[in-house]
Amino acid sequence: MSTLIGNVGSLVTNDPSHGSGPLGLLTDAAVLVEDGRVAWVGPAGQAPAADEHVDAQGRALLPGFVDSHAHLVFAGDRTAEFNARMSGRSYTAGGIRTTVAATRAATDAELEANLTRFVNEALRQGTTTIECKSGYGLTVEDEARALRIASKHTTETTYLGAHVVAPEFTDDPAAYVALVTGEMLDACAPHARWVDVFCEQGAFDGDQAREILTAGAARGLIPRVHANQLHHGPGVQLAVELGAASADHCTHLTDADVDALASGGTVATLLPGAEFSTRAPYPDARRLLDAGATVALSTDCNPGSSFTSSMAFCIAVAVREMGMTPDQAVWAATAGGARALRRTDVGLISPGARADLLLLDAPSHVHLAYRPGVPLTAAVWQGGVRAL
Ligand SMILES: [Zn+2]
């Protein structure tokens, strides 16, 4: 069974061999989908025959968003905390413990229903690949069950036992690090692809983060780091040194941090929803791009500091507030996310890639930034299957 999506007014391939610029942009294009994969890309006039035809009506088609940073296994919400913060109180890492208490008290079914809701919410907005972290259990059992549940919905699961020190260990953080690198890691590693640490004042320092990431890597998990979000710290340098796939947040960077990201293989993942929702200064994407770093955009969807699942929102904010061009922001939300997850089969529309496609109700991908807050999803395909 093959499907030809024709009459595509503007096609973002993220493969420069197909079209102009880094987006590999084609106009008046078509895409052939076969067996869940992209089989052909090119000018509409040269399209091959297909079993089924979809008329894109001159609208824009782009790769489904790759959201490489989200925290979706949790219970409860933090409306009151957000309300208080928007009324003048500042954000600290400590609020995570509120969600930990609610998450521990929830049943597996409640957690999975919540997760399913958010994955579908993201899908309706064009996100076809989403990463999901643990980190609201902070016991051996609760972290392992978070990852068990998440792994039913995504292959991109991240062990974040080191989100904050569990409340039971406040007086003995070293014992908690021993748990995270020992029994908890043993229980979680079979369900996770990645290991992550919140390297931040009030969470884990550089030495602790190094110990946790190294222990995870020894079990085959690939490091990624919550780095330099609220203050300058050692997270970015550590991420690059350990060959982490991604350093996430990157809000407070020295020139040495920017150089390290530009010369190393670690993607700088920017999460503007967090700065938006905590009324904090945005990371400087322009500085990173000018230095030559690879930049990804993600939602950081979580109930405390960034309760959005909208990649389009992140694109709009990145363009308006962080010095990104619309092309750069769309690349970062698709191909950039794929780089941050070390995926070569998503984030692009090219023969062999997964047919994860987003058709916009707009003539150009630029509308994602030009029309902020407007739902622009016309259709989504995931692995070649029409999801909506
Ligand atoms: Zn996060």
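Over region 274-388, what is the mean sequence separation of C-alpha contacts under 8 Å (at least six apart), divided by residue count, expressed as relative contact order in percent?
Rounded, it is 22 percent for region 274-388.
For the chain, with only Lys/Arg (+1) and Asp/Glu (-1) charged at the beta-carbon, what is the dipole magnitude about the Cα centre, in debye rounded to 20?
620 debye
As I understand it, the value is the acute angle between the Cα axis of helix 140-151 and the longest principal axis of the Cα atoms of the chain; what does it come to in degrees, rounded to 10?
So the helix axis and the longest Cα principal axis differ by about 0 degrees.
Using every Cα-Cα pair within region 1-58, state what percent have a distance larger than 19 Å.
Distances greater than 19 Å cover 22 percent of the Cα pairs.
Counting only trypsin sites (Lys or Arg not before Pro) that sit in a DSSP loop (anything but H, G, I, E, B) with at most 16 other Cβ atoms within 10 Å, what is the longest stretch of the chain containing none of them?
The longest such stretch corresponds to 1-88.
Summarise the accessible area of the chain (1.4 Å probe, protein heavy atoms) by the percent that is carbon and sulfur.
Answer for the chain is 51 percent, counting heavy atoms of protein chains only.
Looking at Ala362, Ser350, Pro326, which one has the Cα that reaches farthest to the positive end of the dipole of region 303-370 (charges on Cβ: Lys, Arg +1; Asp, Glu -1)?
Ser350
Counting only C-alpha contacts under 8 Å and six or more residues apart, can you give the relative contact order of the chain as a whole percent?
Relative contact order for the chain comes out at 20 percent.
Quick one: dipole size for region 1-98, taken about the Cα centre, charges +1 on Lys/Arg Cβ and -1 on Asp/Glu Cβ, in debye to the nearest 20.
Result for region 1-98 is approximately 760 debye, rounded to the nearest 20.
Can you pull the Rg over Rh of region 252-380, Cα-only, Kirkwood?
0.96
By the scheme Lys and Arg +1, Asp and Glu -1, what is the net charge of all other residues having a beta-carbon under 10 Å from that of Thr99?
+1
Expressed in whole Å with the largest first, what are the equivalent ellipsoid semi-axes of region 340-388 derived from the C-alpha gyration tensor as the square root of 5 times each eigenvalue?
22, 14, 9
Can you compute 3J(HN,Hα) from phi for each residue in region 257-272, using the Karplus curve 6.51 cos²θ - 1.76 cosθ + 1.60 with θ = phi - 60°, rounded to whole Hz and x for Gly and Pro?
5, 4, 4, 4, 5, 5, 9, x, x, 8, 6, 8, 9, 9, 10, x
Percent relative contact order of region 160-243, based on C-alpha pairs within less than 8 angstrom and at least six residues apart?
29 percent
To two decimal places, what compactness ratio does region 1-132 give when its Cα radius of gyration is scaled by 2.2 N^0.38 Å?
Normalised Rg, Cα atoms only: 1.51.
May I ask for the Kirkwood hydrodynamic radius of region 178-221, worked out over all distinct Cα pairs and given in angstroms to one decimal?
For region 178-221, inverting the mean 1/r across all distinct Cα pairs yields 10.5 Å.
Going by amide H atoms built from the backbone, whose H comes under 5 Å of the H on Ala296, apart from near neighbours?
Sorted by chain and number, the residues that satisfy this are Ala268, Thr269, Leu270.
Could you do me a favour and compute the accessible area per residue for the chain, 1.4 Å probe, result in Å²?
37 Å²
Percent of alpha carbon pairs in the chain separated by more than 25 Å?
More than 25 Å apart: 53 percent of the Cα pairs in the chain.
May I ask what percent, to the nearest 5, of DSSP beta bridges between residues of the chain are antiparallel?
Of all bridge pairs located within the chain, approximately 45 percent are antiparallel.
In whole Hz, what ³J(HN,Hα) sequence does region 354-370 give by Karplus (6.51, -1.76, 1.60; θ = phi - 60°), x for Gly and Pro?
For region 354-370, the Karplus curve yields 4, 7, 9, 10, 10, 9, 8, 8, 6, x, 8, 4, 4, 4, 4, 9, 6 Hz.
Helix 96-105: angle to the longest alpha-carbon principal axis of the chain, degrees 0 to 90, nearest 10?
Relative to the chain, helix 96-105 is tipped by roughly 90 degrees.
The values are calculated or read from the model by the stated rules, or taken from the named source; none is laboratory data. Because the structure is a prediction, the values reported are computed rather than measured. Positions of Cβ are generated from backbone atoms using ideal geometry, with glycine treated the same way; all protein chains shown enter the neighbour counts. Protein only, heavy atoms only, side chains kept; ligands, DNA and RNA dropped before computing areas. Shrake-Rupley method; radii C 1.70, N 1.55, O 1.52, S 1.80 Å.
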